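The values are calculated or read from the model by the stated rules, or taken from the named source; none is laboratory data. Remember, predicted model here, so these are calculated numbers, not experimental data. In this analysis, Cβ positions are derived from the backbone assuming ideal geometry, glycine residues included, and neighbour counts consider all displayed protein chains. Side chains included, ligands, DNA and RNA excluded: accessible areas come from the protein's heavy atoms. Shrake-Rupley method; radii C 1.70, N 1.55, O 1.52, S 1.80 Å.
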Amino acid sequence: MHYEAAEGLAKESLRKLQTERLKRTISTCMRSSFYGSRLGALNIRPEDFTSPDDIRKLPFTTKDDLRGNYPYGLLCQPMDQYVRLHASSGTTGTPTAIFYTQNDIDSWAGLVARCMYAVGLRKGDVFQNMSGYGLFTGGLGIHYGAERLGLLTVPAGAGNSKRQVKLLRDFNVSGIHIIPSYALHFANFLKQEGIDPKSLNWRIALIGAEPHTEEIRQRIQDLLGIKAYNSYGLTEMNGPGVAFECEKQAGMHLWEDAYIAEIIDPETGEWVKEGEVGELVMTTLCRDGMPLLRYRTRDLTRFIPGDCACGRTHRRIDRITGRADDMLIIKGCNIYPMQIEQALMSLPEVAQNYLIELFKEGEMDQLRIKVEIKDEYFVEDMRALTALQKKIASRLRDEVLVTPRVELVQHDSIPKSEGKAVRVVDLRDK
Ligand code: ADP
Ligand code: ZN
């Protein structure tokens, strides 16, 4: 059972729909000053697009294009047609702003509702949104989707764990949305307060907005006694609701009636082979206000080959392994923070949090990893601690081919940020 028939469209019908919507999107784009001149110079005409694969005739759009034409250079409608704007979190630099017409808000809410339905939320469920509101799309984006589905929606916002628990209990909440780093922090909080997560009525968590490994998902599920589903989105593509796991938890369906997704080699810009990892590039198909063509997300993933057992025909992408610009180069080795997380979280002694620090020693770049250790392993016996330190360092060396300094710290001692977790600190210029 799907929320909308479009989720089960035969592949060919889906491609036809994509072609129609791509043509319309290109025509709309021509109205913005940015695309008007860029597409005009290349003599791009909508009628030359006869299949979704023709998308390769279009140039890429980058985050710098958005920044360079900030704030209004990509708007395609008269100003009085816009009803909302959001801005990206600015994790990697100056934020960008996206503007929505009423139609855009409506179609976005529909996509988010579809995602929530896919993980088993239904009318009658009570849903608490434990992510930040404001400019961040994880607030209102999820909120409107939940209301569209008909859930009783509690706009709790992030933080204030004590109040969160009260709301969860008072309203018998059955589903939540929470970013993974806060979910782990919240689990610690429940433990400290002596609250058994099983005493709550919740059964479903939507987790996303930041990269996290399968190990972290498992920990969230175990610690909270809940099923956790991966939710992917980015402000430039509306926000959440771009790709979402279904109940099979086997990759995220990317809604192909609303987006055309490509995976490219970030160096050459060419498509990678089916199933290979590369940079996700996306085109909006249902946006009037600020459509984007071939937007380079810088997120790394792959298409999962084959069909999903749930019957949805939209292709699935794998968990995001990181951003193309997250890569650290230490002593000639390429390292992604998610590899470090994966290695750490496979060790039972390691608690929920860690911090990667880059620093210079002489001319050499070095890696230091602060690792929170569970209380039962944080003992006074120096020999035991040294052995554990060595064990962690060697596990990391196996994974990233560099031996980092490992510093063991007490559980819950690494400072938390309000929104997305800060996992890497670069101390090299200081
Ligand atoms: P910012 O790019 O400033 O963080 P956004 O709030 O728009 O702004 O965040 C979108 C980005 O968050 C994505 O491009 C991606 O890097 C990351 N992200 C979102 N959802 C997930 C997810 N489920 N898994 C991994 N990364 C995610
Ligand atoms: Zn599925």
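The modelled label-to-label distance between E12 and N201, using points 7 Å beyond Cα along the C-beta direction, is 4.8 nm. Excluding residues fewer than 8 places away in the same chain, name every one of the lysines whose C-alpha is closer than 19 Å to that of K416. In chain and number order, the partners are K162, K191, K370, K374. When a 1.4 Å probe is rolled over the protein heavy atoms, the share of accessible surface on region 1-43 that falls to carbon and sulfur comes to 54 percent.
Accessible area per residue (1.4 Å probe, heavy atoms of protein chains only) ranks C333, C115 as C333, C115, with the largest value leading.
Taking one quarter of the surface of the C-alpha convex hull of region 90-216 gives a mean projected area of 8.6 nm². Rolling a 1.4 Å probe over the protein heavy atoms of region 58-182, with every protein chain left in place, gives an accessible area that is 54 percent carbon and sulfur. Computed from phi, the 3J(HN,Hα) profile of region 269-274 under the Karplus parametrisation 6.51, -1.76, 1.60 (θ = phi - 60°) reads x, 8, 5, 7, 5, 3 Hz, with x in place of Gly and Pro. I'd like to know which of V83, G73, A113 lies farthest towards the positive end of the charge dipole of region 68-181, counting +1 on Cβ of Lys and Arg and -1 on Cβ of Asp and Glu. Farthest along the dipole direction, towards plus: A113. Of the peptides 246-253, 372-379, the order by per-residue mean of other Cβ atoms within 10 Å, starting with the highest, comes out as 246-253, 372-379.
Between the amide H of V424 and those of I356, distances stay under 5 Å, these residues lying 5 or more places away or on another chain, with hydrogens modeled in the peptide plane.
The sum of -39500 (n - 2.57) across all DSSP H runs of n ≥ 4, divided by the residue count of the chain, sets its helix-only mean residue ellipticity at 222 nm to -9000 deg cm²/dmol. Rolled with a 1.4 Å probe across the full set of protein chains, the surface gives S37 an accessible area near 80 Å². Surface exposure of region 319-430, expressed per residue as accessible area with a 1.4 Å probe, stands at 53 Å². Counting heavy atoms of the protein chains alone, V165 has an accessible area of about 10 Å² for a 1.4 Å probe.
Packing order of peptides 39-48, 346-355, highest average first: 346-355, 39-48 (average count of other Cβ atoms within 10 Å over each peptide's residues).
Extension gain for the segment A250 to L401, taken as residue separation times 0.36 nm less the Cα-Cα distance, is 51.4 nm to one decimal. Between region 174-217 and region 5-54, the alpha-carbon centres lie 40 Å apart. Using bins of 10 Å that start at zero, the share of Cα-Cα pairs per bin across the chain amounts to 4, 21, 30, 25, 15, 5, 1, 0, in whole %. Taking Cα centre as origin and charging only the Cβ of basic (Lys, Arg, +1) and acidic (Asp, Glu, -1) residues, the dipole magnitude of the chain rounds to 520 debye.
The residue among P415, G194, A97 whose Cα reaches farthest toward the positive pole of the charge dipole of the chain, with charges on the beta-carbon of Lys, Arg, Asp and Glu, is G194.
Backbone amide hydrogens, once placed in the peptide plane, bring S231 within less than 5 Å of I207, G208, A209, excluding anything fewer than 5 places away on its chain. Amide H to amide H distances under 5 Å link Y295 with T61, M282, T283, where only residues 5 or more positions off or on other chains count and H is placed in the peptide plane. Using C-alpha pairs under 8 Å with a sequence gap of at least 6, the mean separation divided by the residue count of the chain gives a relative contact order of 14 percent.
Computed 3J(HN,Hα) for region 240-252, one whole-Hz value per residue from the Karplus formula 6.51 cos²θ - 1.76 cosθ + 1.60 where θ = phi - 60°, is x, x, 7, 9, 8, 6, 9, 5, 6, 6, 10, x, 9, glycine and proline marked x. A straight chain from Q410 to E274 at 0.36 nm per residue would run longer than the Cα-Cα distance by 44.6 nm.
Accessible surface for region 96-168, divided over its residues, is 32 Å² per residue with a 1.4 Å probe.
Other residues with beta-carbon under 13 Å from the beta-carbon of Y3 carry, at +1 per Lys or Arg and -1 per Asp or Glu, a net charge of +1.
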